[in-house]
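Undergrad: Have a look at this one before I ask anything.
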Amino acid sequence: MSTQSDNRFQAIISHAKEYGFVFQSSEIYDGLSAVYDYGPYGSELKKNIRDYWWKSMTQMHENIVGIDAAIFMHPTTWKASGHVDNFSDPMIDNKDSKKRYRVDHLIEGFAETLTEKGETQKAENLLQQMDALLAKEDYAELKELIVGNNMKCSVSGTCNWTDIRQFNLMFDTKLGSVTDEADTIYLRPETAQGIFVNFLNVQKTARMKIPFGIAQTGKAFRNEIVARQFIFRMREFEQMEMQFFVRPGTEGHWYQFWKEERLKWHLSLGVDASKYRYHDHVKLAHYAKEACDIEFDFPMGFKEVEGIHSRSDFDLSQHQQYSKKKMQYFDADVDTATGKPYGNYVPYVVETSIGLDRMFLLILSNAYDEETLTKEDGSTDSRVVMHIPAKIAPIKLAILPLTKKDGLPELARELMNECKSHFRCFYEEKDAIGKRYRRMDAIGTPFCVTIDHQSKEDGTVTIRYRDTMQQERVPMNKIKEIVLQQIF
Ligand code: ATP
């Protein structure tokens, strides 16, 4: 990360804390690594992103329904899904500093420094080699790649590495009071399995016909070894996932469909398209047909925010095998090639999986702006403004009486009462108006309304727009409509 991007990232992290978006968990005890709490504005923003995703996926797609499965699941779930045996990352330790690295992160970090030095081609070759070796799980050669390129530990500065080993990322705990092996259960490392095990319950009760999807949002837990970069990589985080069940043979079409549809969703939040790119996976799980990441240009460079995966019938077939319960769907549609119904089959799945916290960081990173303003007299001023899209902003409207007297607060309260059941409003009468505007800019409030003495006479108020800072006088009874128009 360049110093400039690093400074920007640090500024965003400080801002997030200072303005009540994100706090370190258990801060008074010096925090818990890679675990975070969301504050008053953060929890609003997070909820708004989740609701926006939920609405786009379920309400806007008639063939997608939601569920809310428990975090704890029968332990066999994780045997069947492959997580017990395979949910691990290749790690390498530096023998001198004892610092542990994820192999891909170490190599990617090294490639980044090459790029910064202008050795772009070398960096690209290195990443290609890494992808190929990870795909083959050739850990001896991967170590050779690290040692051969003289990649050093950032703490010890040495190249004294252990062999590469695998570490499982699942947290386990005990169910009930008996502490033998059989009672070990896991905190789910993804929400998807709650969808797979409920596939038939949902299909039957909601009378879904293929193709259809099941959506879910909820907490997931991973014992990330290298947890850093703020809320980008957490040990407790939230996912928003959708599994789309399709007839075998149509998965290529649906994979393309969801790849495009999900990028459209991102762009619908007004983020510049140049800040996104697809990254197609070279290393595919043995059951996967295709997979890609949607990457965003975070302050620390392009990184994954969402994954689109064509997963074949792997998950349902595994659950069928382990549970000995049929996971089949009866397709009454007629196959034009044979003239007969498609009949029973285990559906194929295309999955879209996005991290809510990562999306939150994306919104913060994209919104954060330090502006220098030139005043009419030529002097300069500055403001920090969060250009959060109005539809997900924590507070939509700030209602600010110019003074605390002369009946202005009463008038302001009237507007508050008219609007607060429709969208989140904020009322404040303390401090100079300029100061109050700045505070609203800092939390990303798109509209501020000032009530002054003229308001009492002619019923008009001043509305101020966050991004342009333009102000206009409008009738107070139009405010609710103006805001509603902008937030849907
Ligand atoms: P990464 O390569 O960054 O570890 P992944 O490929 O393991 O991510 P998936 O298993 O595909 O991630 O999970 C889907 C989404 O969940 C990711 O795109 C990301 O947004 C989010 N996610 C995964 N792990 C974390 C984490 N530790 N903290 C926050 N979000 C996460």
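Undergrad: Pairs, please: C-beta under 8 Å, at least 6 apart or cross-chain, first residue in a loop (DSSP other than H, G, I, E, B) and in the range 138-160, second hydroxyl-bearing (Ser, Thr, Tyr) and exposed (fewer than 14 other Cβ atoms within 10 Å of the Cβ)?
TA: Partner pairs satisfying both residue conditions: 152/158.
Undergrad: Among the candidates 125, 94, single out the residue that is away from the ligand (no atom under 16 Å from the Cβ), in contact with a strand residue (DSSP E or B) (Cβ under 7 Å, 6 or more places away or on another chain) and in the same structural domain as residue 161 (by TED's automatic domain parsing).
TA: Working: 125 fails: in contact with a strand residue (DSSP E or B) (Cβ under 7 Å, 6 or more places away or on another chain).
One residue alone meets the criteria, 94.
Undergrad: Residues in the range 214-232 that are within 9 Å of the ligand (Cβ to nearest atom) and either of a type in the set (S, T, N, Q) or open to solvent by 30 Å² or more (accessible area, probe 1.4 Å) (or both): how many?
TA: Within the range 214-232, residues that are within 9 Å of the ligand (Cβ to nearest atom) and either of a type in the set (S, T, N, Q) or open to solvent by 30 Å² or more (accessible area, probe 1.4 Å) (or both) number 1.
Undergrad: Also, quick follow-up: Residues of the range 140-172 being among the hydroxyl-bearing types (Ser, Thr, Tyr) and either open to solvent by 50 Å² or more (accessible area, probe 1.4 Å) or out of contact with any strand residue (DSSP E or B) (no Cβ under 8 Å at 6 or more places or on another chain) (or both), which ones? Steps first, please.
TA: Filtering the range 140-172 for residues among the hydroxyl-bearing types (Ser, Thr, Tyr) gives 154, 156, 158, 162.
Matches in the range 140-172: 154 only.
Undergrad: Considering only residues that are surrounded by 16 or more Cβ atoms within 10 Å (Cβ to Cβ) and either of a type in the set (Ser, Thr, Tyr) or part of a loop (DSSP other than H, G, I, E, B) (or both), which ones fall in the range 68-84? Walk me through it before giving the result.
TA: Keep residues of the range 68-84 that are surrounded by 16 or more Cβ atoms within 10 Å (Cβ to Cβ), which gives 69, 73, 75, 77-78, 80-81, 83-84.
Of everything in the range 68-84, those that are surrounded by 16 or more Cβ atoms within 10 Å (Cβ to Cβ) and either of a type in the set (Ser, Thr, Tyr) or part of a loop (DSSP other than H, G, I, E, B) (or both) turn out to be 69, 73, 75, 77, 81.
Undergrad: Something else: Please go through the range 3-55 and pick out each residue that is surrounded by fewer than 20 Cβ atoms within 10 Å (Cβ to Cβ), part of a loop (DSSP other than H, G, I, E, B) and not small (Gly, Ala, Ser).
TA: Once the filter is applied, which keeps residues that are surrounded by fewer than 20 Cβ atoms within 10 Å (Cβ to Cβ), part of a loop (DSSP other than H, G, I, E, B) and not small (Gly, Ala, Ser), the range 3-55 yields 19, 30, 32, 35.
Undergrad: Would you mind listing the helices (runs of 4 or more DSSP H) fully within the range 350-468 where at least 1 residues are of a type in the set (A, V, I, L, M, F, W, C) and open to solvent by less than 10 Å² (accessible area, probe 1.4 Å)?
TA: Values: elements: 356-367, 408-419, 433-443, 453-458.
The helices (runs of 4 or more DSSP H) meeting that bar are 356-367, 408-419, 433-443.
Undergrad: Among the listed residues 197, 202, identify the single one that is over 28 Å from residue 101 (Cα atoms) and open to solvent by less than 30 Å² (accessible area, probe 1.4 Å). Even if it seems obvious, please write down each step before you answer.
TA: Working: 197 fails: open to solvent by less than 30 Å² (accessible area, probe 1.4 Å).
One residue alone meets the criteria, 202.
The values are calculated or read from the model by the stated rules, or taken from the named source; none is laboratory data. Just so we're clear, the structure is a prediction, and the values are computed from it rather than from any experiment. Neighbour counts run over all protein chains shown; Cβ positions are idealised from the backbone, glycine included. Accessible surface areas use protein heavy atoms only, side chains included; no ligands, DNA or RNA. Shrake-Rupley method; radii C 1.70, N 1.55, O 1.52, S 1.80 Å.
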